[in-house]
1. Could you compute the longest span of the chain free of trypsin sites (Lys or Arg not before Pro) located in DSSP loops and having at most 15 other Cβ atoms within 10 Å, not counting the site residues?
2. Exactly which GluC sites (Glu not before Pro) in the chain are in a DSSP loop and have at most 10 other Cβ atoms within 10 Å?
3. Quick check: residue separation of residue 66 and residue 25 times 0.36 nm, minus the Cα distance between them. What number comes out in nm?
4. Quick one: 3J(HN,Hα) in Hz for segment 40-50, Karplus 6.51/-1.76/1.60 with θ = phi - 60°, rounded, Gly and Pro as x.
5. Using only the Cα atoms, what convex hull volume per residue in Å³ does segment 2-67 have?
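Since every read-out is calculated from the coordinates, none of them should be taken as a lab result. Remember, it's a predicted structure, so these values are computed and weren't measured experimentally. Cβ coordinates were reconstructed from backbone atoms using ideal geometry, including for glycine residues, and neighbour counts include every protein chain displayed.
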Amino acid sequence: MKGVVKAYSGRRGMGQLTPDGGGPDVDVFVSEVERAGLITLEPGQRVSFGIQTDRMRERSFAVRLELL
């Protein structure tokens, strides 16, 4: 899936990605940013990502993050 960084805060350790083609924003956590070898994300950056769902918390978040 591809999209755009809507917001990201290193202090909070999370942000949101807006998928291309619409749909709800997807949370992205600092651990995934670091796993991608990045220090931070900037609003407006284009990214590709997968989505994983935590069924216990009924919440989805971004995985396999890559800058485009």
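1. 13-54
2. Within the chain, the qualifying GluC sites (Glu not before Pro) (loop, at most 10 other Cβ atoms within 10 Å) are 58.
3. The span from residue 66 to residue 25 would gain 13.1 nm if fully extended.
4. Those phi angles translate into 8, 10, 10, x, x, 5, 8, 9, 10, 6, x Hz.
5. Per-residue hull volume (Cα only) is 78 Å³.
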